[in-house]
Structure formats: structure tokens, C-alpha cells
Amino acid sequence: MKTGLTTVLMLVFAAALSAQERERVDGIGGFFFKAQSPKTLAQWYNDHLGVTMTPQGSGQEPWTQTAGPTAFQPFAANTKYFGRPEQMFMLNFRVRNLDAMVAQLRRADIKVDVDPQMYPNGRFARLEDPEGNPIQLWEPKGRKQ
């Protein structure tokens, strides 16, 4: 009996130690996708969402995210959540103040649909970039500043 208990305890300890020592990624280092007009689309993201363009030379700084939660969730291949059936991804950007961001985008004549429901994890709005890629804006609950 003692040997069996010792073996079980050793296996539990080894599994816990293994989970602690396992390497994991620190975050998303980039998001790369095809576009009909890459420079124009990069400029749109820069101008309207503040996602600065990728540096092309030394001395330039890339866009830096504010620390916070990131959802990573595969969806079923037949989901309608992203819009068009052929759409393979949807960007979700965290925002400090959804109302202010929506007002800014609407002043630039960008159509934005605000979801009126308050979810346990916050508020959401949807828009598309000029090439029709879906974008979701997310104000995490308790984050408004």
C-alpha cells in the first residue's frame, strides 16, 4: 500500500512540476493577412484604430499593445459569426472607451454597429475594414476610463 501511495504522489508531483516548467508564448507577436491593397489598408488601421504601421527600418518602433486579456478561440468552420462564409478570421481589439471609439469612427463615416447588450465580460461593437474584414471592438467590463 505504501509503495502504491508513494508512486501516486510522485506522479502528481511530477505532473505539477512539468506544468510549471513548460514554456508558453508571452502573447501575440503579429497578425499577418493578405490584402488587395496592403499599404492602403495598413494606413487605414493606423489612421482610424491607432495600429501603427510595421516599421520598415531601424529606429522605428512597432505598435505596442496595452497589457490586458486576449481571447484565443477557434470557431466551427461553418460559423456565421465572422460574416461572409469564406471569412477565416475576425480581429478583436480591446478599447478603453467603446463610446468614444465608436464616435470617432462614425465621424470618419465608418459604419459601426454597437451591440446594446452588456455581457459578463463587457461591451462590443462591430465594423469592417475597407476590404470587408470583420473587426470587433471590446470594452472589457470595468475598463472604461
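Could you list, in sequence order, all residues of the stretch 40-70 that are part of a loop (DSSP other than H, G, I, E, B) and among the aromatic types (Phe, Trp, Tyr)?
63
Could you list, in sequence order, the residues of the stretch 45-67 that are surrounded by 10 or more Cβ atoms within 10 Å (Cβ to Cβ), under 18 Å from the mean Cα position of the chain (by Cα) and on the phi < 0 side of the Ramachandran plot?
Once the filter is applied, which keeps residues that are surrounded by 10 or more Cβ atoms within 10 Å (Cβ to Cβ), under 18 Å from the mean Cα position of the chain (by Cα) and on the phi < 0 side of the Ramachandran plot, the stretch 45-67 yields 45, 46, 48, 49, 51, 52, 53, 54, 62, 63, 65.
Do the conditions hold for residue 85, that is, is it at negative phi and surrounded by fewer than 13 Cβ atoms within 10 Å (Cβ to Cβ)?
yes
Which condition from (1) within 19 Å of residue 65 (Cα to Cα); (2) modelled with pLDDT of 95 or more is the one that residue 144 breaks?
Here residue 144 clears every test but (2).
Could you list, in sequence order, the residues of the stretch 108-129 that are without any contact (Cβ under 8 Å) to a residue 24 or more places away in the chain, among the aliphatic types (A, V, I, L, M) and surrounded by fewer than 17 Cβ atoms within 10 Å (Cβ to Cβ)?
Answer for the stretch 108-129, where residues must be without any contact (Cβ under 8 Å) to a residue 24 or more places away in the chain, among the aliphatic types (A, V, I, L, M) and surrounded by fewer than 17 Cβ atoms within 10 Å (Cβ to Cβ): 114, 118.
Across the stretch 91-145, what is the number of residues that are small (Gly, Ala, Ser) and within 24 Å of residue 80 (Cα to Cα)?
3
Could you tell me how many of the residues in the stretch 107-131 are in contact with a Leu (Cβ under 9 Å, 6 or more places away or on another chain) and closer than 23 Å to residue 88 by Cβ?
Here the count works out to 11.
Kindly establish whether residue 79 is assigned to a loop (DSSP other than H, G, I, E, B) and more than 18 Å from residue 130 (Cβ to Cβ).
Yes.
The values are calculated or read from the model by the stated rules, or taken from the named source; none is laboratory data. Please read all numbers here as calculations on a predicted model, not as lab measurements. Quick reminder, even Gly has a Cβ in these numbers, built from the backbone with ideal geometry, and neighbours come from all protein chains shown.
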